Every structure is written in C-alpha cells, then in structure tokens.
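What follows draws every value from the coordinates through simple rules; no lab data is involved. A quick note: this is a predicted structure, and the numbers were derived from the prediction, not measured. Virtual Cβ from ideal backbone geometry, glycine too; neighbours counted across all protein chains shown.
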Amino acid sequence: MKFDITIASSRYASQIAILTQELGYKANAKDTETWLTQLGDSPLHCVYIAVSDNHVCGWLVVEKRMFLESGTKAEITGLVVGKQYRCLGIAQALVKAAQNWAMEQGLQTMVVRSNVERVESHLFYPKVGFDRSKTTHVYTKSLKDSE
C-alpha cells in the first residue's frame, strides 16, 4: 500500500476525528477542526497524517515541551493508525516524521507516554527505538465547577 506523510490540514478533520474515536475518545469533526487549527498555529506542535488515496490512515501529534527538571524534549502526544492499516509501516513513518521535526527544532530526546491498556503500543515503541524509562499514574480533575 502506498501512502504519503504530510502535515495535517483542517480538510481532513472528519477523518482524523474518526481515527481519534478508535482510541476511545469522543472526538467530533467540529472540535477536531478547532483543535487542529490551534495545533497548526502553534510553533510548539506539529500534526502529521498518513494519507492513501485521499484517505487518512493515521495521525501523530508531536510537541516541543519544556520541563523544569530535565529541559526541552519532543513528546509524541498522540498516535493512531486505523485498524485496517496497521502493520504496514505507517506508524513507523509517522514516528520518523516526528523525529525529523524534533531534530529540526534542535531537540535531542523524544518521549512518548502510552496507556497501560494499549498492549500494541508497548510492543511497537521498543521496535522503533524507544526504551521504557518509567511507569506513571495520570490524575485528572475537572475545572468546570471548581473554585
């Protein structure tokens, strides 16, 4: 299968939203378009998509992040490849694009976090050169009704 890696544009928002739903998130085309525009306007982010025959097969978001304790790193904050397109080299190509972007930003380290439930991810990342460095818990708090 032939595919191209390119920077995402809002014309693909509905297809990106469908892939996001495969991750278990309740994304819709309108919100995805808004977020995609914001990420596209940010010099600290890049969103790549894999496209085959005008169909989005996968997407990846990479971010330039500053940590007080460890400096600046690139972080893959999202990656999904559609179920029917897995094991075709798409994820590897998306990660390679993110690595190239990170190097263009002058970064020397790339980080990715993966939910413990995403078994395929834990098999994939070591295959493309990532080492598991730690396990963390993520805590979330709604700010809607907080004071």
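Counting other C-beta atoms within 10 Å, and keeping those with at most 14, which DSSP coil trypsin sites (Lys or Arg not before Pro) do you find in the stretch 8-68?
Details: sites: Arg11, Lys26, Lys30, Lys64, Arg65; in loops: Lys26.
For trypsin sites (Lys or Arg not before Pro) across the stretch 8-68 that sit outside H, G, I, E and B with at most 14 neighbouring Cβ atoms in 10 Å, the list reads Lys26.
How charged is the neighbourhood of Met66? Take every other residue with its Cβ under 11 Å from the Cβ of Met66, and add Lys/Arg as +1 and Asp/Glu as -1.
Working: positive: Lys64, Arg65, Lys73; negative: Glu63, Glu69, Glu75.
Once all neighbours under 11 Å are counted, the net charge is 0.
Summing Lys, Arg as +1 and Asp, Glu as -1, what charge do residues with Cβ under 12 Å from the Cβ of Leu36 carry, Leu36 excluded? Intermediate results must be reported in sequence, preceding the final value.
Numbers: positive: Arg11, Lys30; negative: Asp31, Glu33, Asp41.
Net local charge, Leu36 excluded: -1.
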Across the alpha-carbon set of the stretch 70-117, Rg over Rh with Rh taken as the Kirkwood radius works out to 1.03
Quick one, which of [x] 26; [y] 53; [z] 34 is the actual percent of Cα pairs over 24 Å apart calculated for this model? [z]
Computed from the beta carbon distance with a Förster radius of 25 Å, FRET efficiency for Lys96 and Thr34 to the nearest 0.05 stands at 0.35
Residue with peak Gaussian network fluctuation, the chain [Cα springs, cutoff 10 Å], from Glu120, Glu63, Glu75: Glu120
Give the residue from Leu19, Val80, Leu123 lying farthest towards the positive end of the charge dipole for the stretch 4-127; charges sit on Cβ (+1 for Lys and Arg, -1 for Asp and Glu) and the dipole is referred to the Cα centre. Leu123
Calculate, in nm to one decimal, what Gln21 and Thr140 gain on full extension: separation in residues at 0.36 nm each, minus their alpha carbon distance. 40.9 nm
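Mind scanning Lys83/Lys144; Lys83/Lys127; Lys2/Lys73; Lys83/Lys141; Lys64/Lys141 and naming the pairs with a C-alpha gap bigger than 29 Å? If you can, show how the numbers build up before the last one.
On the way: Lys83/Lys144 34 Å; Lys83/Lys127 19 Å; Lys2/Lys73 31 Å; Lys83/Lys141 31 Å; Lys64/Lys141 24 Å.
Where the Cα-Cα span goes over 29 Å, the pairs concerned are Lys83/Lys144; Lys2/Lys73; Lys83/Lys141.
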With the crude spin-label approximation of a point 7 Å out along Cα→Cβ, what separation in nm comes out for Thr72 versus Leu123? 3.7
